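Student: Below you will find the structure I want to go over with you.
Every number in this text was worked out from the coordinates using simple rules, so none of it is lab data. On a predicted model such as this, the values are computed, not experimentally measured, just so you know. Positions of Cβ are generated from backbone atoms using ideal geometry, with glycine treated the same way; all protein chains shown enter the neighbour counts.
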Amino acid sequence: MRKIVKSDTVIVLSGNDRGKTGKVLKVFPEKNQVVVEGVNMIKKHSRPTQQLPQGGIIEKEGPINVSNLKVVCPKCNRPTRVGVRILEDKSKVRYCKHPDCGEII
Ligand SMILES: [Zn+2]
């Protein structure tokens, strides 16, 4: 089971964007990378489009490795390691590993 999924809130642990939090917009499981809103902005040259008739440079989020991220628990609001628990019906859920929280994420 993946530890980070789309629309999780994550915090960046290293690099230029250390300490930033954002929402996961895209997940690339085969590369262990995700795209996080507002994190790892890269400049891209774009061809002219209707919105941008001259073309030009646009800023866009670049992918970041999941090892640089931690999920922020929606309940206790702290960065946490994500545990995986198997329920009686064999379905898997993720949970916050803070001992005083344990919320299903
Ligand atoms: Zn928690």
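Student: FRET efficiency for residue 31 and residue 59, Cβ-Cβ distance as r, R0 = 30 Å, nearest 0.05? All intermediate terms of the calculation are to be shown ahead of the outcome.
Tutor: Numbers: r = 22 Å, r/R0 = 0.72.
With R0 = 30 Å, the Cβ-Cβ based efficiency is 0.90.
Student: Let me ask something additional. Give the distance, in whole Å, between the Cα centre of the range 61-96 and the Cα centre of the range 19-49.
Tutor: 19
Student: Scan around residue 78 for amide H atoms under 5 Å from its own, H built in the peptide plane at 1.01 Å from N, and keep only partners 5 or more places away or cross-chain.
Tutor: 73
Student: Rounded to the nearest 20 debye, what is the charge dipole size of the chain about its Cα centre when +1 sits on each Lys and Arg Cβ and -1 on each Asp and Glu Cβ? Let's see the in-between values first.
Tutor: Working: 21 positive and 10 negative charges, 36 e Å.
For the chain, the charge dipole is close to 180 debye.
Student: Taking R0 as 41 Å, what FRET efficiency do you get between residue 90 and residue 43 from their Cβ-Cβ distance, rounded to the nearest 0.05?
Tutor: Working: r = 46 Å, r/R0 = 1.13.
Efficiency computed from Cβ-Cβ geometry: 0.30.
Student: Please turn the phi angles of the range 71-87 into ³J(HN,Hα) values with the Karplus equation 6.51 cos²θ - 1.76 cosθ + 1.60 (θ = phi - 60°), one per residue in order, whole Hz, x for glycine and proline.
Tutor: Once θ is set to phi - 60°, the couplings for the range 71-87 become 6, 9, 5, x, 7, 9, 6, 10, x, 9, 7, 9, x, 10, 10, 9, 7 Hz.
Student: Let me ask you something else. Fewest first, what order do 2, 47 take by the number of other Cβ atoms within 10 Å? Working shown, then result.
Tutor: Details: 2 14, 47 7.
Fewest-to-most ranking of 2, 47: 47, 2.
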